[in-house]
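Shown next, in structure tokens, is the structure this report addresses.
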Amino acid sequence: MPLALQAKLLRVLETRRIQRLGGTSEQTVDFRLVTATHRDLSAAVEKGDFRADLFFRISVFPLAVPSLAERTADIPLILARLIADHCAANPALEAPHFDLGALRALAAHAWPGNIRELKNVLMRAFVMLPGRMVTARHVRDNLLGMAMPDPETDSFAMPEPPAPQAKGDLPDPSQFHDALTRLGDIDLRGYIRDIEVALIEAALDKRQGNVAQAADALRLRRTTLIEKMKKFGIRRGLAI
């Protein structure tokens, strides 16, 4: 904001009066001011680029929003919302599906463009990988690296859903790449749903039905796990 405009805004904040462009009289205004910036205003004040009196006037209740790189655990939730919104606006489109390896690759990215960059990556996935399972390799090579994905193969064998393991790591998502390069008539959503249900039930069994502890084991918010349990009809640990 230029210094001249800062002076005008400061005057409006102090007097609560404005004069319309081309007008001859002032009018009283009643409004609530919310400001946002990606710059360090304290440093701008020291440099003389921002008025100190305006800074102290607007800095009543500052709220710092962390960058996407500082809250990568929110990426799955943000992706789900972006996908839902885009599909609602474009019902004919097939949504891409991000596996665990893809989410890990997204979490490892620096995200200098924050949410806007994540949205652009998702739009590339809609264009390059519609209806397909997005893997870590897709994220690195095609969505962040901007290379075109490999042509789909003509045939594949669907792997058995990985059984929840009480100990050790989950199966490496890369093992699904060859099998899921083409969906064909496979009910992928149902397949992923079955895996999700199995993992939720296994976590509940391991934590004796304690929803909060099961959510921690799955690295989910408790409320998110409860919503999934209601969606899938899993009643253990829920008050009836």
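Can you pull out every residue in the range 18-48 that is within 14 Å of L3 (Cα to Cα) and in contact (Cβ under 8 Å) with a residue 12 or more places away in the chain?
Of everything in the range 18-48, just one residue is within 14 Å of L3 (Cα to Cα) and in contact (Cβ under 8 Å) with a residue 12 or more places away in the chain, namely L41.
Take residues that are at pLDDT 55 or above and closer than 30 Å to R116 by Cβ and tell me which of the helices (runs of 4 or more DSSP H) falling wholly in the range 134-240 contain 2 or more.
Numbers: elements: 188-206, 211-217, 222-232.
Correct list: 188-206, 222-232.
Please go through the range 124-138 and give me each residue that is in contact (Cβ under 8 Å) with a residue 40 or more places away in the chain and either of a type in the set (A, V, I, L, M, F, W, C) or surrounded by fewer than 21 Cβ atoms within 10 Å (Cβ to Cβ) (or both), ordered by number. Reasoning before the result, please.
Applying the first criterion (in contact (Cβ under 8 Å) with a residue 40 or more places away in the chain) to the range 124-138 yields 126, 131-133, 135, 137.
Once the filter is applied, which keeps residues that are in contact (Cβ under 8 Å) with a residue 40 or more places away in the chain and either of a type in the set (A, V, I, L, M, F, W, C) or surrounded by fewer than 21 Cβ atoms within 10 Å (Cβ to Cβ) (or both), the range 124-138 yields F126, G131, R132, M133, R137.
The values are calculated or read from the model by the stated rules, or taken from the named source; none is laboratory data. Remember, predicted model here, so these are calculated numbers, not experimental data. Glycine gets a Cβ as well: all are built from the backbone with ideal geometry, and neighbour counts include every protein chain shown.
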